[in-house]
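A short worksheet on the structure shown next.
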Amino acid sequence: MTYFIIIRGPLGCGKTTIVKRLTKILNAEHISIDKVLEEHDLDNIDSELECIPVENFIKANEIVLPRVKEKLKLGKIVIFDACFYYKESIENLIENLAYSHYTFTLKAPVEVCMERDNKRSKSYGENAVKTVHKLVSRFDYGIIIDGTKSSEECIKEILSYLPKFP
């Protein structure tokens with residue numbers, strides 16, 4: 001069964017760690033929207049909004065959609081990884097991909113996210129973690145996963161919601 005997965009959450013909640021492992025387990029394609037934003041100079045912060053504008057996330061979606069549609073058409077599972085702090089960017093993907101989908105929101109307290117960010121080789125910094133945490137926390141979307149659990153526990157929980165392979 002072909003489907004795509006959206007994993008969202010604040011900086012430092014474990015999204016990328018979890019997605020990389022899920023990608024191997026499911027033999028899936030990993031799409032990092034944050035990486036696309038960066039590579040296409042769409043990660044600029046709007047000074048009034050104090051974050052990346054929604055239009056840039058939609059542009060990032062448009063950049064990856066042709067490749068994603070091709071992968072899905074070939075039967076490959078695709079996993080999106082990003083903060084997704086705008087509902088519009090999630091809904092844009094869902095509207096443009098005529099496949100089953102599963103959306104998960106990883107949640108962790110801002111203190112946990114800051115502690116994890118500090119352990120990265122390239123930390124985003126306390127201000128970025130707090131800002132993104134606030135933005136992502138404005139709404140829940142999909143299935144909520146406790147991001148304070150170990151990555152293995154989170155993966156096991158996510159897999160429990162996905163179709164089983166024969």
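The values are calculated or read from the model by the stated rules, or taken from the named source; none is laboratory data. As the structure is a prediction and not an experimental result, all values here were calculated from the model. Cβ placement follows ideal geometry from the backbone for every residue including glycine, while neighbour counts extend to all protein chains displayed.
Scanning for something touching a helix residue (DSSP H, G or I) at 6+ places or on another chain (Cβ under 7 Å), aliphatic (A, V, I, L, M) and under 29 Å from Glu62 (Cα atoms), does the range 109-123 turn up at least one residue? Step through it out loud before you land on a result.
Step one: of the range 109-123, the residues touching a helix residue (DSSP H, G or I) at 6+ places or on another chain (Cβ under 7 Å) are 110, 113-114, 117, 123.
From what is left, the residues that are aliphatic (A, V, I, L, M) are 110, 114.
Filter once more, so that each one left must be under 29 Å from Glu62 (Cα atoms): none.
No, the range 109-123 contains no residue that is touching a helix residue (DSSP H, G or I) at 6+ places or on another chain (Cβ under 7 Å), aliphatic (A, V, I, L, M) and under 29 Å from Glu62 (Cα atoms).
For Lys122, the conditions (1) within 15 Å of Leu11 (Cα to Cα); (2) crowded, with 21+ Cβ neighbours inside 10 Å are fulfilled apart from (2).
Candidates in the range 96-117 are the residues that are over 30 Å from Pro163 (Cβ atoms) and free of Cβ contacts under 8 Å to residues at least 40 places away in the same chain; of these, the one that is farthest from the chain's Cα centre (by Cα) is Glu111.
Here's the yes/no breakdown for (1) over 14 Å from Leu93 (Cβ atoms); (2) over 16 Å from the mean Cα position of the chain (by Cα); (3) among the aromatic types (Phe, Trp, Tyr); (4) surrounded by fewer than 19 Cβ atoms within 10 Å (Cβ to Cβ):
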position	(1), (2), (3), (4)
Asp43	yes, no, no, yes
Asp46	yes, yes, no, yes
Leu65	no, no, no, yes
Lys69	no, yes, no, yes
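The lone criterion from (1) in a helix (DSSP H, G or I); (2) in contact with a Phe, Trp or Tyr (Cβ under 9 Å, 6 or more places away or on another chain) left unmet by Leu42 is number (1). Contact map, the range 118-137: first residue over 27 Å from Lys87 (Cβ atoms) and among the charged types (D, E, K, R), second residue at pLDDT 90 or above and surrounded by 12 or more Cβ atoms within 10 Å (Cβ to Cβ), Cβ cut-off under 9 Å, separation 6 or more or different chains; pairs are Lys119/Gly12; Arg120/Gly12.
Here Tyr85, Tyr99 are screened, and the one residue that is of a type in the set (Ser, Thr, Tyr), under 30 Å from Met1 (Cβ atoms), touching a helix residue (DSSP H, G or I) at 6+ places or on another chain (Cβ under 6 Å) and at pLDDT below 95 is Tyr85. Here is a check on your reading of the model: is Gly14 modelled with pLDDT of 95 or more and within 30 Å of Pro163 (Cβ to Cβ)? No. Of all residues in the range 6-18, exactly one satisfies the criterion of being surrounded by fewer than 23 Cβ atoms within 10 Å (Cβ to Cβ) and within 9 Å of the chain's Cα centre (by Cα), namely Thr16. Listed by position, the strands (runs of 3 or more DSSP E) inside the range 61-166 whose residues that are under 20 Å from Leu49 (Cβ atoms) and either in contact with a Lys or Arg (Cβ under 7 Å, 6 or more places away or on another chain) or of a type in the set (Gly, Ala, Ser) (or both) number at least 1 are 78-82.
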